[in-house]
1. Among the residues of the range 40-48, are any surrounded by 13 or more Cβ atoms within 10 Å (Cβ to Cβ), farther than 21 Å from Arg201 by Cβ, of a type in the set (A, V, I, L, M) and modelled with pLDDT under 90?
2. Restricting to the range 119-148, count the residues that are in contact with a helix residue (DSSP H, G or I) (Cβ under 7 Å, 6 or more places away or on another chain) and closer than 27 Å to Ala226 by Cβ.
3. Would you please list the contacts, defined by Cβ atoms under 7 Å and residues six or more apart or on different chains, that run from a residue in the range 126-144 that is more than 22 Å from Arg89 (Cβ to Cβ) to a residue that is charged (D, E, K, R) and in a strand (DSSP E or B)?
4. State all residues of the range 235-255 that are within 13 Å of the chain's Cα centre (by Cα), crowded, with 20+ Cβ neighbours inside 10 Å and small (Gly, Ala, Ser); if no residue qualifies, say none.
5. Tell me, which residue of the range 183-208 that is without any contact (Cβ under 8 Å) to a residue 60 or more places away in the chain and under 20 Å from Ala139 (Cβ atoms) is surrounded by the fewest Cβ atoms within 10 Å (Cβ to Cβ)?
6. Only one of (1) surrounded by fewer than 20 Cβ atoms within 10 Å (Cβ to Cβ); (2) not in a helix (DSSP H, G or I) is not met by Ala151, so which one is it?
Amino acid sequence: MPLGNRRNKRNKPKNETDEKSETDEKDEKNETDEKDETDCKMRKPELILDGIYLIGGPNVTLSDDAAVYIIDFKGDLVMIDAGAGRSTRSLVKNIEKCGFKPENVSHLILTHCHIDHIGSAPDFRAQFGCKLVAHDLDADAIESGDPVLTAASWYETEFPPTLVDVRLKGEYEILRFGEEELHCLHTPGHTPGSISIYLDRGGKRVLFGQDIHGPFMPSFRSDIEAWKKSMQKLLALDADILCEGHFGIFKSKAKVKEYIEGQLRQNS
């Protein structure tokens, strides 16, 4: 979660009762029109590796979305994270642009409980019946819609209490899809229930480490010492590709290592 994206004036809480002036309404309409025009210029989904795509995030859907990825397991689709909540329609369209059917999304894995990663999860669960997966230590925040722990209050929005279908409870769990395995590592630090995911495909190890960079705040129940240990776990994976949540995709072992070690230096 980048600090610069914390405010979203278009998503105010429902209980807000401020009256808008005619000028305010015109300004909001202009802002919306401008945003719609900008959205039309967003780039298409990006192929990362065979059957793995970036389908959401800044410059793909909306700037307040963390990166959203989709993995094709021979027709069985797995999404990783779901943006901040205003991009459901765009995410659906991008899945279709990749040549897939949104109704084939069987699992949506939430790497942690923050709104920029979980926002459209209720929509996908309701529309397509996919199972939501999260670590047990972050699942309660999702199920209660806690405005602080989900960081919804940062974005001046609300997150509806949403059932987590699959709670990951161990340090390491494997989800199997056909003949392939998706490895889920508990990597606490940014939040207590942060997870990182990796997949071995085509001789490459792809790591989804969404908020490696933090930030680390008491209100998030962050633990910088636990995070340092988590980063050592990720370095030990020797991944070929890192799909980060806000700062891009790193496509070599050297670049992956450089990025993670750089974050460790910044937060030492």
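The values are calculated or read from the model by the stated rules, or taken from the named source; none is laboratory data. Everything numeric here is computed off the predicted structure, so don't read it as measured data. Using ideal geometry, Cβ is built from the backbone for each residue, glycine included, and neighbour counts are taken over all protein chains shown.
1. Checked against the condition, which is being surrounded by 13 or more Cβ atoms within 10 Å (Cβ to Cβ), farther than 21 Å from Arg201 by Cβ, of a type in the set (A, V, I, L, M) and modelled with pLDDT under 90, the range 40-48 yields at least one hit.
2. 4
3. Ala134/Arg167; Asp136/Arg167; Ala139/Arg167
4. Pass one, the range 235-255, residues within 13 Å of the chain's Cα centre (by Cα): 243-248.
This time we only want the ones that are crowded, with 20+ Cβ neighbours inside 10 Å, so: 243-245.
Scanning the range 235-255 gives a single hit, Gly245.
5. To start, the set of residues in the range 183-208 that are without any contact (Cβ under 8 Å) to a residue 60 or more places away in the chain comprises 183, 185-189, 192, 198, 200, 203, 205, 207.
If we keep only those that are under 20 Å from Ala139 (Cβ atoms) as well, we get 183, 185-189, 192.
On the way: His183: 16, Leu185: 21, His186: 21, Thr187: 28, Pro188: 22, Gly189: 23, Pro192: 20.
Top of the filtered list is His183.
6. Every listed condition holds for Ala151 apart from (1).
Conditions (1) assigned to a strand (DSSP E or B); (2) of a type in the set (Phe, Trp, Tyr); (3) free of Cβ contacts under 8 Å to residues at least 60 places away in the same chain, marked per residue:
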residue: Ile70; (1), (2), (3): yes, no, yes
residue: Met79; (1), (2), (3): yes, no, yes
residue: Gly85; (1), (2), (3): no, no, no
residue: Lys93; (1), (2), (3): no, no, yes
